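J.: Sharing a structure, written as structure tokens. Questions coming.
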Amino acid sequence: MQSNLPPAPVYGLVIQEHFNDLVIATYGRGFWILDDLSALQALTPEVLASNAHLFAPRPVYRFQDVAGNVSVQDDPTAGSNPPDGAAINYWMKAAPRDTVRIAIRDATGKTIRTLTGTRNAGLNRVYWDLRNDSPHAPRLRTKPMFDAEFQMDSDGTRPAPGFGSIAVLMPPGRYTVQLTVDGQSLQQPLEVRKDPNTIGTVADIRAQTDLLLALQQDHAATGEMLTTIESVRAQVQALGPQLASDATGGAGAVRAASDSLEGQFMALEQKIIDLRLTGRGQDEVRYPVRVGGQLSYVAGGIAASDFAPTTQQREVQTILARQVKENRAELDRLINQELPKLNAMLRSRGLRPIEPGTRGVAAL
């Protein structure tokens, strides 16, 4: 119970009624707050005797960030707040054998977020930030254009600069928390409430969420396309040393065909991110934002308040969705029509064909 409370006399103690937090004042040291007493209050002998127990979470507010006045960031007298979102408290009599899983489901029963819980014997607390699962960020497998000296990460990849990310803040409503521990499943309802400081309606927020989910879906599809393109390009580039050492003749035709195909994939990739970006310095200021970054930028604007999307935001989303669809059609054409031509040439020379969407590289 001591946690980060210093050894000091306590002269003031009160329970904050609305949030059920324990607030104490130490003599000359400041304030100390134990957030959410509900787990301690419900820690009965029956709970202590159980292998696992999921406590009923308190209602949580879906707060929006509000820009404040400029202030000093290293103020030694300032405290730190707990993470935003829902506190999920559970008890385990002993450390479990397997991973602790926490699933968040919406009112329809759809799982919108999966968390990995702590595995401590006793009380545990995990926070859900009220956002859904965001797609995995794509990784590039080729170097930036005009930068042959660029150093890739140790695994041979690099982040996709200028691509951005989208994680959607879920709307107010009823949710279900499911805790799974060593095959035992426990559930509790969770209420997410609207920020009382905003004037946007719940209907506005739901309209906003629907559009954000559509943008997130297009962003994820664009990331998958980027991964496929990079896989093909990396395999094409790996052909270079093999073709250079081919003494049987005819390697020039294969090299020309592979260069031509990579150029077509690069032209498509350039529509998703700018291939000159290194992710360093001021690249993202110097070069234009492509569709990957545009999707995340529009999503950020829509999510900045609790109001419904504007007409202009809806129109931009429609334009970007059409571009994503066109890019998908172009990628399908390259994979289904152009790539087989190069693969036929590779097979004729005893080379492994290029497989889109894989980590493999072409080899003799």
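J.: Among (1) in contact (Cβ under 8 Å) with a residue 40 or more places away in the chain; (2) among the aliphatic types (A, V, I, L, M); (3) assigned to a loop (DSSP other than H, G, I, E, B), which single condition is Ala8 missing?
T.: (1)
J.: Keeping to segment 84-113, report how many residues are of a type in the set (S, T, N, Q) and either under 21 Å from Ala42 (Cα atoms) or surrounded by 14 or more Cβ atoms within 10 Å (Cβ to Cβ) (or both).
T.: Residues in segment 84-113 being of a type in the set (S, T, N, Q) and either under 21 Å from Ala42 (Cα atoms) or surrounded by 14 or more Cβ atoms within 10 Å (Cβ to Cβ) (or both): 1 in total.
J.: Among the residues of segment 72-83, is any outside any loop (DSSP other than H, G, I, E, B) and surrounded by 10 or more Cβ atoms within 10 Å (Cβ to Cβ)?
T.: No, every residue in segment 72-83 fails to be outside any loop (DSSP other than H, G, I, E, B) and surrounded by 10 or more Cβ atoms within 10 Å (Cβ to Cβ).
J.: Same structure again: Just give me the residues in segment 302-331 being touching a residue at least 24 places away in the same chain (Cβ under 8 Å) and of a type in the set (Ser, Thr, Tyr), in sequence order.
T.: Scanning segment 302-331 gives a single hit, Ser305.
J.: Being in a helix (DSSP H, G or I) and out of contact with any Leu (no Cβ under 8 Å at 6 or more places or on another chain) is the filter here, so list the residues in segment 297-319 that pass it.
T.: Scanning segment 297-319 gives Tyr297, Gly300, Gly301, Thr311, Gln312, Glu315, Val316, Thr318, Ile319.
J.: Those residues that are under 23 Å from the mean Cα position of the chain (by Cα) and of a type in the set (Val, Ile, Thr), I need them from segment 166-205; list them, please.
T.: Across segment 166-205, the qualifying residues are Ile166, Val168, Thr176, Val177, Thr180, Val192, Ile205.
J.: Based on what the data block shows, is Leu48 outside any loop (DSSP other than H, G, I, E, B) and not assigned by TED's automatic domain parsing to the domain that holds Gly300?
T.: Against the criterion (outside any loop (DSSP other than H, G, I, E, B) and not assigned by TED's automatic domain parsing to the domain that holds Gly300), Leu48 qualifies.
J.: Also, quick follow-up: For Gln294, all conditions in the list (1) more than 21 Å from Glu262 (Cβ to Cβ); (2) at pLDDT below 95 hold save one; what is the number of the exception?
T.: It fails just one condition, (2).
Residue by residue, here is whether (1) among the charged types (D, E, K, R); (2) over 30 Å from Ala267 (Cα atoms); (3) not in a strand (DSSP E or B) holds:
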{"residue": "Tyr175", "(1), (2), (3)": "no, yes, no"}
{"residue": "Leu179", "(1), (2), (3)": "no, yes, no"}
{"residue": "Ser185", "(1), (2), (3)": "no, yes, no"}
{"residue": "Val192", "(1), (2), (3)": "no, yes, no"}
{"residue": "Gly200", "(1), (2), (3)": "no, yes, yes"}
{"residue": "Leu213", "(1), (2), (3)": "no, no, yes"}
{"residue": "Met225", "(1), (2), (3)": "no, no, yes"}
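J.: Sticking with this one: Does segment 148-176 hold any residues that are surrounded by fewer than 13 Cβ atoms within 10 Å (Cβ to Cβ), modelled with pLDDT under 95 and charged (D, E, K, R), and which are they?
T.: Within segment 148-176, Glu149, Asp153, Asp155 qualify.
J.: Across segment 154-170, what is the number of residues that are part of a loop (DSSP other than H, G, I, E, B), charged (D, E, K, R) and under 19 Å from Glu269 (Cβ atoms)?
T.: 0
J.: Just wondering, is there one or more residues in segment 64-74 that are among the small types (Gly, Ala, Ser) and in contact with a strand residue (DSSP E or B) (Cβ under 8 Å, 6 or more places away or on another chain)?
T.: No: zero hits.
J.: Of everything in segment 1-23, what is over 37 Å from the mean Cα position of the chain (by Cα), modelled with pLDDT of 90 or more and surrounded by 12 or more Cβ atoms within 10 Å (Cβ to Cβ)? Give them in sequence order.
T.: Result: no residue meets the conditions.
J.: Considering only segment 127-147, state which residues are part of a loop (DSSP other than H, G, I, E, B) and surrounded by fewer than 16 Cβ atoms within 10 Å (Cβ to Cβ).
T.: Of everything in segment 127-147, those that are part of a loop (DSSP other than H, G, I, E, B) and surrounded by fewer than 16 Cβ atoms within 10 Å (Cβ to Cβ) turn out to be Asp129, Asp133, Ser134, His136, Ala137, Met145, Phe146, Asp147.
J.: Further question on the same structure: Collect the residues in segment 85-126 that are polar (S, T, N, Q) and in a strand (DSSP E or B), keeping them in residue-number order.
T.: Listed by number, the residues that qualify are Asn89, Thr111, Thr114, Thr116, Asn124.
J.: Restricting attention to segment 263-296, which residues are in a loop (DSSP other than H, G, I, E, B) and of a type in the set (A, V, I, L, M, F, W, C)?
T.: Listed by number, the residues that qualify are Ile272, Ile273, Leu275, Leu277, Val289.
J.: A further question on this structure: Conditions first: (1) modelled with pLDDT under 95; (2) surrounded by fewer than 12 Cβ atoms within 10 Å (Cβ to Cβ); (3) more than 22 Å from Ala251 (Cα to Cα). Ala363 passes all but one, so which condition is the exception?
T.: Of everything listed in (1) modelled with pLDDT under 95; (2) surrounded by fewer than 12 Cβ atoms within 10 Å (Cβ to Cβ); (3) more than 22 Å from Ala251 (Cα to Cα), Ala363 misses just condition (3).
Yes or no, residue by residue, for (1) surrounded by 12 or more Cβ atoms within 10 Å (Cβ to Cβ); (2) closer than 18 Å to Gln264 by Cα; (3) modelled with pLDDT of 95 or more:
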position	(1), (2), (3)
Arg333	yes, yes, yes
Leu342	yes, yes, no
Met345	yes, yes, no
Ser348	no, no, no
Leu351	yes, no, no
Glu355	yes, yes, no
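The values are calculated or read from the model by the stated rules, or taken from the named source; none is laboratory data. As the structure is a prediction and not an experimental result, all values here were calculated from the model. With ideal geometry, Cβ positions are generated from the backbone for all residues, glycine too; neighbour counts draw on all protein chains shown.
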